[in-house]
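The values are calculated or read from the model by the stated rules, or taken from the named source; none is laboratory data. All values reported here derive from a predicted model rather than from experimental measurement. Note that we place each Cβ from the backbone using ideal geometry, even for glycine, and neighbour counts take in every protein chain shown. The area values use the complete protein model at the heavy-atom level, side chains included, leaving out ligands, DNA and RNA. Shrake-Rupley method; radii C 1.70, N 1.55, O 1.52, S 1.80 Å.
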Amino acid sequence: MTPTAAATARKPATMAQALTRALRDALAEDPTVHVMGEDVGTLGGVFRVTDGLAAEFGDDRCMDTPLAEAGILGTAVGMAMYGLRPVVEMQFDAFAYPAFEQLVSHVAKMRNRTRGALPMPLTIRIPYGGGIGGVEHHSDASEAYYLATPGLQVVTPATVEDAYGLLRAAIASDDPVVFLEPKRLYWSKADWSPEAPGEVPPLGRAAVRRRGADATLITYGPSLPVCLEAAEAARAEGWDLEVVDLRSLMPFDDETVCASVRRTGRAVVVHESSGFAGPGGEIAARITERCFHHLEAPVLRVAGFDIPYPPPMLERHHLPGVDRILDTVARLQWESDWTEGRGE
Amino acid sequence: MTVLEQPGSSRRKGGLPGPPPAWHPRVDPAPLLPDAEPHRVLGTDAALQLDAALLKRLYVQLVRGRRYNTQATALTRQGRLAVYPSSTGQEACQVAAALALQERDWLFPSYRDTLAAVARGLDPVEALTLLRGDWHTGYDPRACRIAPLCTPLATQLPHAVGLAHAARLRGDDVVALALVGDGGTSEGDFHEALNFAAVWQAPVVFLVQNNGFAISVPLAKQTAAPSLAHKAVGYGMPGRLVDGNDAPAVHGVLTEAVRRAREGGGPTLVEAVTYRVDAHTNADDATRYRTADEVEAWRAHDPIALMERELTARGLLTDDFAAATRDGAEEMAADLRERMHQDPALDPDDLFTHVYAERTTQLRQQSDQLRAELAAEAATDEPAQEARP
Ligand SMILES: Cc1ncc(C[n+]2csc(CCOP(=O)(O)OP(=O)(O)O)c2C)c(N)n1
Ligand SMILES: [Mg+2]
């Protein structure tokens, strides 16, 4: 049956709505999918992403659990061992840490240690990152911890359409996915139709969000809109910037990233998480190893400072913003630096 | 039965009119409490009621189990096992855990519980690959319904709860039995697992083998609880205390707990009081933290000796049965020894095969790199080998 044009009409929708729809469709299509976490049932989650799911599918399919993150993830491991496909919600980034041991020692390793006998088709949804005025422990960009753990996939959507597609792909994946939902994009809007939600993309493919010739901004999740805004502003400076949205940090799409950097010759990695030992260092190294002869300048990073996440009244100084991105782009050893005497 | 006294029920004039609105009495803790003494069967009148076939079956498994422990310990000295945490002295718990389960049930063992897996029918060589070091899990957990041997303490307990809960959601009458040590009860995962199990009324049984020590640390430094079985009460599940060296007693308590779980009665926590006769592992020196007298006192309460006394009293320990039991154990040990003396087949490419369902581009590159390194290594080795007479 083809949906009518009216039903598939694209209307403004939020990222949160697209995520809810992805969960709903997964629950409807696959009886082994179980959503579980703190307040996900009656309340619909503190960000309302599981709104209506318990009412539609029952308390066993959308389960309010006791308040214990290791217990939530640990029991989800047991459920996956029995053939279920749990989708776990951690209430906030910094409250996922109690589950870290289960994640590292079991979720990430189970398939490997059993030679494939016990795959872990688990999705761990984590509202993450700052920029929402959250008080202490509500704004961590924690992706580096997860990236340091082989066996996990780490995915983060930056658009409404991707929120749907990537979450469906994560749930369908037979390997565990840490699914980082940028909190400050929950209420971002785009024209989107839940009846024609778009393709479910494969995990591990980056997307070029803006074509440009002079330099590549490489980013993901909450920093994508900032980079797009910076790219727009850069036109005034005469820079034509390309913007790559990684979407999946693990698996990592070297191909798309390198193809872009080889074209532009310059790259800046932008993310909220701290710079030291953050994803930007890894990405810069990968680019340097693969594209050295195409580079006109060192790969630079715009990252959060190497500080504990700041209180909300100061967070704007910490988060990568348009100006800091443009200042960094300015340091990419442009030829005009030499002609205008700015080079050393 | 204790009568629950409701706060605010004081008859003093001017006292509160009653309990606050949110408070209501919940569960009567009395039936959940463990007995004051560990439950015993051997040497009591109850032993006379025991089925002779069960007694003999337990005995055969205990003798095999002891032999398995001594053989595995010997294999560490011969360099065939990297390490072995022996369950010598704890065989009654190991064997009873295995025999209390139906085939469709799941066992969740720790590193010390390879014997429980073997008593359930797992090939001892497959049970020992973790400790030999050729692969972490040497068997297919789904095929034998034995979870991977778990080393991070107590982290297997929530898995057992989740699996049991999943089975119930699917309408299967499967029970999970999870093993943990006395030290492991201090871990947060122990608490979370018991709490989830009770809230969900999951068909799961927790068996704590209280063997007196967590490596060197005695129970007194681990907890101030009246007993480990008492911890059950706080979660709203029954706690049972049993003599862990009395095989029929442990078997009886576990069988009852498994039955209860299967019938929808919810989880049970069982504390079996036993003793780790050997050091923590072959690499440990137990003389640094306990006296020889203490060990000797426990040897006098040996699970096999206790069973032999009972079997003899009932005229069941005939010379033929004793000899056949011994021979069977020796045969198992000889077979284990022989197969463990063969080098395991190792394929370095296995390192990349099961990290994900499909290798990532990066893992393909790394596997190619390793293969090239090995080929280069083989090429330089070959002439040297040919040169040998
Ligand atoms: C989370 C964790 N912390 C520490 C260890 C190191 N460790 C291995 S065994 C052990 C003692 C465990 O004692 P207990 O739970 O009583 O079990 P037993 O060894 O006596 O069977 C310790 C501390 C571990 N394996 N896991
Ligand atoms: Mg112990």
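General remarks:
- Among the candidates B:T114, B:T155, residue that is in contact with a Phe, Trp or Tyr (Cβ under 9 Å, 6 or more places away or on another chain) and within 16 Å of ligand 1 (Cβ to nearest atom): B:T114
- Remark: A:D191 matches the filter, which requires a residue to be in contact (Cβ under 8 Å) with a residue 60 or more places away in the chain and either within 14 Å of chain B (Cβ to nearest Cβ) or of a type in the set (D, E, K, R) (or both).
- B:A224 vs. criteria away from ligand 2 (no atom under 16 Å from the Cβ), part of a loop (DSSP other than H, G, I, E, B) and either aromatic (F, W, Y) or farther than 13 Å from B:A178 by Cβ (or both): yes
- Positions within region B:208-231 being touching an Asp or Glu at 6+ places or on another chain (Cβ under 9 Å), open to solvent by 40 Å² or more (accessible area, probe 1.4 Å) and more than 12 Å from ligand 1 (Cβ to nearest atom), in sequence order: B:H230, B:K231
- Some residue of region B:314-330 being surrounded by 11 or more Cβ atoms within 10 Å (Cβ to Cβ), assigned by TED's automatic domain parsing to the domain that holds B:A119, hydroxyl-bearing (S, T, Y) and part of a helix (DSSP H, G or I): yes
- Selection count where residues are among the polar types (S, T, N, Q) and more than 16 Å from ligand 2 (Cβ to nearest atom), scope region B:71-116: 5
- Selection within region A:191-213 - over 17 Å from A:V178 (Cα atoms) and of a type in the set (K, R): A:R209, A:R210, A:R211
- Residue list for region B:178-197, restricted to those being open to solvent by 10 Å² or more (accessible area, probe 1.4 Å), of a type outside the set (S, T, N, Q) and more than 7 Å from chain A (Cβ to nearest Cβ): B:G181, B:G183, B:E187, B:H191
- Extreme residue, nearest to ligand 1 (Cβ to nearest atom), among residues of region B:163-177 that are in contact (Cβ under 8 Å) with a residue 24 or more places away in the chain and within 12 Å of another protein chain (Cβ to nearest Cβ): B:A176
- Of all residues making up region A:8-61, the number that are open to solvent by 10 Å² or more (accessible area, probe 1.4 Å), among the β-branched types (V, I, T) and in a strand (DSSP E or B): 1
- Scope region A:62-110; condition within 7 Å of chain B (Cβ to nearest Cβ), open to solvent by less than 10 Å² (accessible area, probe 1.4 Å) and not in a loop (DSSP other than H, G, I, E, B); matching residues: A:A70, A:G71, A:G74, A:T75, A:A76, A:V77, A:G78, A:M79, A:M81, A:Q102, A:H106
- Index of the failed condition, B:G183 passing every other in (1) free of Cβ contacts under 8 Å to residues at least 60 places away in the same chain; (2) away from ligand 2 (no atom under 16 Å from the Cβ): (2)
- Boolean, B:A160 is more than 13 Å from ligand 1 (Cβ to nearest atom), in a helix (DSSP H, G or I), crowded, with 23+ Cβ neighbours inside 10 Å and within 14 Å of another protein chain (Cβ to nearest Cβ): yes
- Test: residue in region A:111-127 that is open to solvent by 10 Å² or more (accessible area, probe 1.4 Å) and more than 14 Å from chain B (Cβ to nearest Cβ): no
- Comparison of B:V180, B:V205 shows that the only residue that is within 16 Å of ligand 1 (Cβ to nearest atom), of a type outside the set (F, W, Y) and part of a strand (DSSP E or B) is B:V180.
- When every residue of region A:194-205 is checked against the conditions, none turns out to be part of a helix (DSSP H, G or I), surrounded by fewer than 20 Cβ atoms within 10 Å (Cβ to Cβ) and at pLDDT 95 or above.
- Sole exception among (1) farther than 22 Å from B:L157 by Cβ; (2) open to solvent by less than 10 Å² (accessible area, probe 1.4 Å); (3) out of contact with any helix residue (DSSP H, G or I) (no Cβ under 6 Å at 6 or more places or on another chain) for B:V258, by number: (1)
- The set of residues in region B:263-285 that are open to solvent by less than 60 Å² (accessible area, probe 1.4 Å) and over 21 Å from the mean Cα position of the chain (by Cα) comprises B:G264, B:G265.
- Residue in region B:331-363 that is farthest from the chain's Cα centre (by Cα), counting only those that are more than 28 Å from B:G121 (Cβ to Cβ) and assigned to a loop (DSSP other than H, G, I, E, B): B:T360
- Among the residues of region B:200-218, at least one is at positive phi, more than 16 Å from ligand 2 (Cβ to nearest atom) and over 15 Å from the mean Cα position of the chain (by Cα).
- Test result for B:A249, at pLDDT 95 or above, assigned to a helix (DSSP H, G or I), hydrophobic (A, V, I, L, M, F, W, C) and within 16 Å of ligand 1 (Cβ to nearest atom): no
- Residue within region B:337-346 that is in contact with a Ser or Thr (Cβ under 8 Å, 6 or more places away or on another chain), away from ligand 2 (no atom under 16 Å from the Cβ) and farther than 22 Å from B:A92 by Cβ present: yes
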